Every structure is written in structure tokens, then in C-alpha cells.
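The values are calculated or read from the model by the stated rules, or taken from the named source; none is laboratory data. If you're wondering where the values come from, they're calculated on a predicted model, not measured in any experiment. Glycine gets a Cβ as well: all are built from the backbone with ideal geometry, and neighbour counts include every protein chain shown.
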Amino acid sequence: MYRTSDTVIFSADQWGQIGKDMGFSKDILRKSLDNVFASSKLQISISDPSVQFIRNRLLERNLVVPKKFPAMPTNPDKNKFTRMVYVNPKIPLKQLISAIEVNGKKLSNYLDLKKVKDAVKTPNKPYFVWMQDGALYTNKSPNQAVSMFSSNERGATLREGLFLILYYPEILKHHYIDLPGSRYDRGDVPYLVDWGGDPQLRASSADNAFPRYGSASSGSIS
């Protein structure tokens, strides 16, 4: 058990023990709790990654840690969206970029952030979102990937992508990430890459497709 501000968080094992003590199976207790959480929007999570993991990463990078985290949204497709990401739109992009490290190397930015515009609508307050990290759309251009998105899916924004690798920098060992939810300058797409141990933020044409690049996407928030 751990505490964030005035909120108490229990692990899945601890909830299981509580259920055992009460005479309920872990599955029954979990389903009951999920129904309560969904209806009441309690600031409690037993999902992965945990609030504690996210809180610790924010602390490590000297970023703002909220007194209360927002409610977790329902995952619109558990087979597609495998990464839970906390996004804080109040943190300036420049500060967020400077906080990101991949294998001990700082992220280098080659974009004029004033020329980055979001092509999709996102909340203007902190939120959790389920994300697909780009692995499903490798060797597809951002425009191709967007045309393949399901009805509950949209392109991940630059900010969402930055928070994604803040929590999961190991993704860049497997593939690089296009972020079609944002556009740069005259329509290019920002992307995150690790070239020879040098993590970088750049932009490229929305029609470019490469085997090791894939578009990240975000699920609907409900």
C-alpha cells in the first residue's frame, strides 16, 4: 500500500488479500471494484503501470507531481493499446524535452517548437490515455497509418509521444516513433528516434515510410 497526497493506493495482491479476508475471490473483488471505480471516478488504480511508477518517474525528472491524479479511462482495445500514459499539458514542451533521457543520453531537439501544431483535440488539463506505441504501424507512412486507424483511435500528439518515452524509453530500442497527431511547419510529422545512442526529436514528410518507424496512436478518452 502507498499514498499519493490524501489518496491510498493498494496493489493487486493487496486487494486480493482483502477479498480473501472478506470471503470473496480476487476476481469477484476486482470486478466489483472496477464497477465502483468506473462509476465514482475514485483516484485509485490497480492497473499497470501503477500511479506509483508514474509518480516516481516524474519525481526523477523533476517534473510536477499532482496531488491527485485524474481518473483512469477505460481501455478501448486491450489488444491494441498497451501503454498507459499520464499527460500533463501544463508542462511546457521545452521543459518536458529537457527532462527526457534514453539510455542516459538527453533527448536532442531539432524542431522549432513554435511551428508544432496539434492536428487532433486533446484535454487542456492533465489526463491518462491508453496508447499504442507505434509497433503496429511500422513500415507504414503516418498518412497510411492514420487511414488505418479504428473509430476509437487517433494519432498521438508530440506531447503524448514525449510522455510515452519519458515513462518507456526502451521503446526506441525496438522502433522509432512517428507522431501523426501533431504537424510541424508545413505538414511534416514529428518523430522520435535513437540514432547510435543519440535520442532525437525531428520531423519528416507524412508520406515517408521506413521499416523501423511506426505511428503511435491514442485511444479515445472516456
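Quick one: which helices (runs of 4 or more DSSP H) sit completely within segment 1-104 and have at least 3 residues that are modelled with pLDDT under 55? Steps first, answer last, please.
On the way: elements: 12-22, 26-40, 51-60, 93-99.
Helices (runs of 4 or more DSSP H) meeting the threshold: 12-22, 26-40.
Limited to segment 171-205, what total is found for residues that are assigned to a loop (DSSP other than H, G, I, E, B) and either under 15 Å from the mean Cα position of the chain (by Cα) or surrounded by 20 or more Cβ atoms within 10 Å (Cβ to Cβ) (or both)? Full working, then the answer.
The first filter runs over segment 171-205 and keeps only residues assigned to a loop (DSSP other than H, G, I, E, B), leaving 175, 179-181, 185-187, 196-197, 205.
Imposing the further condition that a residue be either under 15 Å from the mean Cα position of the chain (by Cα) or surrounded by 20 or more Cβ atoms within 10 Å (Cβ to Cβ) (or both) reduces the set to 175, 179-181.
Summing the residues that are assigned to a loop (DSSP other than H, G, I, E, B) and either under 15 Å from the mean Cα position of the chain (by Cα) or surrounded by 20 or more Cβ atoms within 10 Å (Cβ to Cβ) (or both) in segment 171-205 gives 4.
Go through (1) of a type in the set (Val, Ile, Thr); (2) at pLDDT 95 or above; (3) in contact with a helix residue (DSSP H, G or I) (Cβ under 7 Å, 6 or more places away or on another chain) and name the single condition VAL120 misses.
Result: VAL120 fails condition (3) only.
Please find, within segment 206-222, the residue that is surrounded by the most Cβ atoms within 10 Å (Cβ to Cβ) out of those that are in a loop (DSSP other than H, G, I, E, B) and more than 15 Å from the chain's Cα centre (by Cα).
Kept after step one, since they are in a loop (DSSP other than H, G, I, E, B), are these residues of segment 206-222: 206-212, 216, 220-222.
Still in the list and also more than 15 Å from the chain's Cα centre (by Cα): 206-212, 222.
Numbers: ALA206: 20, ASP207: 12, ASN208: 14, ALA209: 18, PHE210: 15, PRO211: 8, ARG212: 12, SER222: 8.
Going through the qualifying residues, I end up with ALA206.
Among ARG183, ARG154, ARG159, which is the only one that is more than 28 Å from VAL51 (Cβ to Cβ) and either outside the structural domain of PRO73 (by TED's automatic domain parsing) or not β-branched (Val, Ile, Thr) (or both)?
Details: ARG154 fails: more than 28 Å from VAL51 (Cβ to Cβ); ARG159 fails: more than 28 Å from VAL51 (Cβ to Cβ).
Result of the check over ARG183, ARG154, ARG159: ARG183.
Kindly indicate the residue of segment 110-163 that is among the charged types (D, E, K, R) and assigned to a loop (DSSP other than H, G, I, E, B) and also nearest to LEU179 (Cα to Cα) among those meeting that condition.
Keep residues of segment 110-163 that are among the charged types (D, E, K, R), which gives 112, 114-115, 117-118, 121, 125, 133, 140, 153-154, 159-160.
Keeping just the survivors that are assigned to a loop (DSSP other than H, G, I, E, B) gives 112, 121, 125, 133, 140.
Working: ASP112: 16, LYS121: 14, LYS125: 20, ASP133: 10, LYS140: 12 Å.
Going through the qualifying residues, I end up with ASP133.
Matching residues to (1) among the polar types (S, T, N, Q); (2) in the same structural domain as LEU201 (by TED's automatic domain parsing); (3) over 13 Å from LEU162 (Cα atoms):
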position: VAL64; (1), (2), (3): no, yes, yes
position: ASN75; (1), (2), (3): yes, yes, yes
position: SER98; (1), (2), (3): yes, yes, no
position: LEU107; (1), (2), (3): no, yes, no
position: LEU111; (1), (2), (3): no, yes, yes
position: ALA119; (1), (2), (3): no, yes, yes
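Based on what the data block shows, is TYR168 closer than 22 Å to MET84 by Cα, modelled with pLDDT of 95 or more and assigned by TED's automatic domain parsing to the domain that holds PRO70? Show your work before the answer.
Numbers: closer than 22 Å to MET84 by Cα: yes; modelled with pLDDT of 95 or more: yes; assigned by TED's automatic domain parsing to the domain that holds PRO70: yes.
So TYR168 passes the test.
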